Amino acid sequence: MSVSEQEQLAYIAAQAADARVNLELETEDGMTLNMGPQHPATHGTLRLVAKLDGEQVVAAEPIMGYMHRGYEKLTEVRTYPQVTTLINRIDWLGSFANEVPFILAAEQLMEVEAPPRAQWIRTILFEMSRIANISLYIGDMAVQIGATTPIFFAFRDREHILNQIERVTGGRFHPNFDRIGGLKDDLPAGWIEETKAVIKKMQTFCDQMDDLVAGNEIFQARTRGIGVIPAEVALSYGLSGANLRGSGVDWDLRRDQPCGLVYDQCDWKVWTHPDGDSYSRFWVRLQETREACNIVDQLLDNIPSGPIMAKVPRIIKVPAGEAYVATENPLGEMGYYVVSKGDLTPFRVKIRSASFSNMSICPWVLKGVFVPDIIAILGSLYFILGDIDR
Amino acid sequence: MTEVPEHLLKKAAEARAKREAAAGSSAPTDAPEAKAKDEPEEVVVEPDTKAEEALEVLKEALGDAILASHIEPHRGLWIRVGAQDWRAAASAARDALDCKFFDFLSAIDWLPSPYGRELEAEQDLNEAKEPEEMSWGYTGGETRFQMLARVYSLSHHIGVMIKADLPDDEPRIDSLIPVYAGANWHEREAIEMFGIAVNDHPDVRNIYLPGGFEGHPMRKDYPLLARRMKPWPGIVDVELMPGDES
């Protein structure tokens, strides 16, 4: 196997780029700390270069692109139904939630509405992927701080939710279940009762984690007052989801920007925390998992009967227009700006992923913190590399 | 099974009526035509007073700088400005309309792809395409590249999509970082993906691509090399099933 000249050039270019980054962050009297690309706190391959003065961070710069897959370019050569396969892989812990905003944007352009039953099941699966995603975060956050036990609880209990998602969709991680105009399939027999039991288990899991992690003195000492983000700064950087609510901004797209999901049909609460530190972000996420269990539990009681698919043509051509639809995903606001020219494929899709904006605050928030706090802050901001790099 | 709530039934009935009306008026062939036929139905949609008010506020703040605007009832507000008014439009949205939340920033290349859709790869490959006419989306446009940013007002519950035409000879625009600090990374992405120059950007390193990468991949005339190498049987997926029409 020979290496082509082009590949050689690409390799040299990559090396040169790396060298330049290192040089820029080289300090005269301090030192440069390189973290990653493979680090357990990075949920993928993120590299963090920090310029230190003693134990304190003078400047930190995340370096991404190790997992850039060019989804925005690829969507331009995929038909609308094929796009969901790609976007499943953006946030791989809560895959179903990735599909929903894109499908809703396409439905909005086509003036199609999914039947009530499909909307109900969509909302249930959406919230279940939130539980699967954030329950792992809760365990993972404890690992960052140094407590290894909770992650095993998290993996154990998340499995129940994944099994239920698999029973409906056939896929544990990448369901690819949402269709323009409804869903691929109906619920299997007996699913509702089983899911109710699973939700009970997850509620117990949340209580356990509340005691084990949130109530833990060491955990609090490591996270309280660390990485404080004021509300104004959070807004100007476009932080969303629990990171924004952890800074005391009462903003939840599920409540404030309803679009085709049935959150108005159940009784739930948006949790906020005024502190804006790492602990408050963790706490808000923990409450959100509880609330998601609560939402699923209520919705399971009232699933309406009826079809699960609206009448849509087999060959889907989306009328010309532009639409931006965003939903409150496990990681924050995820939206798709779809520009259609009336063709089989989108003309342009801008993927507004939550982690990209959430991470863009890193250089700001990491300035002046101590080295062990980097991990606590990165962990609490919670990002998935697929969601940053797309 | 429990009952379907009334508001959903109503919604479904409305959607059904709309679809039937659309289907009734001969075969919906082309998108703009189908839309025109739908127009009598559109009367049902209530006017979006919130967006109209927001547009008034912006018009007051920016005056003639707003070249065009578009309101999609209850779905959004679009405005278009010239490249020189880009930063002014963003700060007007932030100050006059209280749009504190910076949603995203990107660019659009309106050039029709010279490579076709690349779906029917075997037919498409290596064939020179007839250049299509350039056409723009909402609020129209004049130039190939448009900048695009969305900001949101949490207090007024209204999002504004700001577009700016970039000059054709050299796509160059002011940075939004003084107005929204979060624009930094989004602009870096636009710089490397679309080859847009941003004035006063403090950090123009590539964010995703390797340092020496040549070309700007999100431009429409940048070929998707994988499709050039290997035919893609994608179109097969949407073949007609037996018994299907249209």
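The values are calculated or read from the model by the stated rules, or taken from the named source; none is laboratory data. Quick caveat, the model's predicted, so the values are computed rather than measured. Every residue, glycine among them, receives a Cβ derived from its backbone with ideal geometry; neighbour counts consider all protein chains shown.
Out of B:Glu20, B:Glu60, B:Glu53, report the one residue that is within 14 Å of chain A (Cβ to nearest Cβ) and either modelled with pLDDT of 80 or more or more than 18 Å from B:Gly159 (Cα to Cα) (or both). Explain how you work it out, then say what you get.
Working: B:Glu60 fails: within 14 Å of chain A (Cβ to nearest Cβ); B:Glu53 fails: within 14 Å of chain A (Cβ to nearest Cβ).
None of the others qualify; the one that does is B:Glu20.
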Which numbered condition A:Arg314 fails, given (1) farther than 21 Å from A:Leu183 by Cβ; (2) assigned to a loop (DSSP other than H, G, I, E, B): (1)
Breaking point among (1) outside any strand (DSSP E or B); (2) buried (at least 23 other Cβ atoms within 10 Å of the Cβ), for B:Val151: (1)
Failed condition for A:Glu61, given (1) touching a helix residue (DSSP H, G or I) at 6+ places or on another chain (Cβ under 7 Å); (2) crowded, with 18+ Cβ neighbours inside 10 Å; (3) modelled with pLDDT of 85 or more: (2)
A:Val213 being closer than 25 Å to A:Glu107 by Cα, in contact (Cβ under 8 Å) with a residue 12 or more places away in the chain, buried (at least 22 other Cβ atoms within 10 Å of the Cβ) and β-branched (Val, Ile, Thr): no
Unmet requirement for B:Asp174, which otherwise passes all of (1) of a type in the set (Asp, Glu); (2) touching a residue at least 60 places away in the same chain (Cβ under 8 Å); (3) within 14 Å of another protein chain (Cβ to nearest Cβ): (3)
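Counting just the residues of the stretch A:330-366 that are hydroxyl-bearing (Ser, Thr, Tyr) and either at the interface with chain B (Cβ under 8 Å from one of its Cβ atoms) or assigned to a strand (DSSP E or B) (or both), which one comes out nearest to B:Phe102 (Cα to Cα)? Lay out the reasoning, then the answer.
Residues of the stretch A:330-366 hydroxyl-bearing (Ser, Thr, Tyr): A:336-337, A:340, A:345, A:353, A:355, A:357, A:360.
Narrowing the set further to residues that are either at the interface with chain B (Cβ under 8 Å from one of its Cβ atoms) or assigned to a strand (DSSP E or B) (or both) leaves A:336-337, A:340, A:345, A:357, A:360.
Values: A:Tyr336: 15, A:Tyr337: 15, A:Ser340: 24, A:Thr345: 28, A:Ser357: 9, A:Ser360: 12 Å.
Ranking the candidates gives A:Ser357 first.
Name the one entry in A:Cys266, A:Cys259 that is surrounded by fewer than 22 Cβ atoms within 10 Å (Cβ to Cβ), more than 7 Å from chain B (Cβ to nearest Cβ), at pLDDT below 85 and more than 28 Å from A:Pro230 (Cα to Cα). Even if it seems obvious, please write down each step before you answer.
Values: A:Cys266 fails: at pLDDT below 85.
Matching residue, one of A:Cys266, A:Cys259: A:Cys259.
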Pair list, Cβ < 7 Å and 6+ apart or interchain, from the stretch B:201-220 residues that are under 11 Å from B:Asn184 (Cα atoms) and facing another protein chain (nearest Cβ under 7 Å) to residues that are of a type in the set (A, V, I, L, M, F, W, C) and surrounded by 15 or more Cβ atoms within 10 Å (Cβ to Cβ): B:Ile207/A:Met64; B:Ile207/B:Trp185
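Report yes if B:Trp185 is at pLDDT 80 or above and surrounded by 13 or more Cβ atoms within 10 Å (Cβ to Cβ), otherwise no. Step through it out loud before you land on a result.
Numbers: at pLDDT 80 or above: yes; surrounded by 13 or more Cβ atoms within 10 Å (Cβ to Cβ): yes.
Taking the combined requirement at face value, the residue satisfies it.
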Top-ranked residue in the stretch A:153-204 [being in contact (Cβ under 8 Å) with a residue 40 or more places away in the chain and among the aromatic types (Phe, Trp, Tyr); ranked as nearest to A:Gln108 (Cα to Cα)]: A:Phe177
Members of the stretch A:236-256 found to be within 12 Å of chain B (Cβ to nearest Cβ) and more than 18 Å from A:Ser380 (Cβ to Cβ), listed by number: A:Ser236, A:Asp250, A:Trp251, A:Asp252, A:Leu253, A:Arg255, A:Asp256
Within the stretch A:344-366, considering residues that are surrounded by fewer than 24 Cβ atoms within 10 Å (Cβ to Cβ) and among the hydroxyl-bearing types (Ser, Thr, Tyr), the one nearest to the chain's Cα centre (by Cα): A:Ser360
Where A:Ile121 falls short, out of the listed (1) assigned to a helix (DSSP H, G or I); (2) under 22 Å from A:Trp283 (Cα atoms): (2)
Residue under evaluation A:Ile161, criteria (1) of a type outside the set (Phe, Trp, Tyr); (2) under 21 Å from the mean Cα position of the chain (by Cα); (3) not in a helix (DSSP H, G or I), criterion not met: (3)
Set A:Glu107, A:Glu113: member being under 28 Å from A:Ile315 (Cα atoms), assigned to a helix (DSSP H, G or I), within 14 Å of chain B (Cβ to nearest Cβ) and among the acidic types (Asp, Glu): A:Glu107
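Residues that are surrounded by fewer than 18 Cβ atoms within 10 Å (Cβ to Cβ), more than 26 Å from A:Trp271 (Cα to Cα) and at the interface with chain B (Cβ under 9 Å from one of its Cβ atoms): does the stretch A:367-384 have at least one? Even if it seems obvious, please write down each step before you answer.
Pass one, the stretch A:367-384, residues surrounded by fewer than 18 Cβ atoms within 10 Å (Cβ to Cβ): A:367-368, A:370-372.
Within this subset, residues satisfying the condition of being more than 26 Å from A:Trp271 (Cα to Cα) are A:367-368, A:370-372.
Restricting the remaining residues to those that are at the interface with chain B (Cβ under 9 Å from one of its Cβ atoms) gives none.
Looking for residues that are surrounded by fewer than 18 Cβ atoms within 10 Å (Cβ to Cβ), more than 26 Å from A:Trp271 (Cα to Cα) and at the interface with chain B (Cβ under 9 Å from one of its Cβ atoms), one finds none in the stretch A:367-384, hence no.
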Failed condition for A:Val325, given (1) surrounded by fewer than 24 Cβ atoms within 10 Å (Cβ to Cβ); (2) touching a Cys at 6+ places or on another chain (Cβ under 8 Å): (1)
Single residue of the stretch B:193-246 satisfying the filter (in contact with a His (Cβ under 9 Å, 6 or more places away or on another chain) and of a type in the set (Ser, Thr, Tyr)) that is modelled with the highest pLDDT: B:Tyr208
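So for the stretch B:79-100 (the condition being modelled with pLDDT under 80 and surrounded by 14 or more Cβ atoms within 10 Å (Cβ to Cβ)), does at least one residue qualify?
First, the residues of the stretch B:79-100 that are modelled with pLDDT under 80: none.
The answer is no; no qualifying residue exists.
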Among (1) in contact with a strand residue (DSSP E or B) (Cβ under 6 Å, 6 or more places away or on another chain); (2) basic (Lys, Arg); (3) modelled with pLDDT under 75, the one test that A:Arg20 misses: (1)
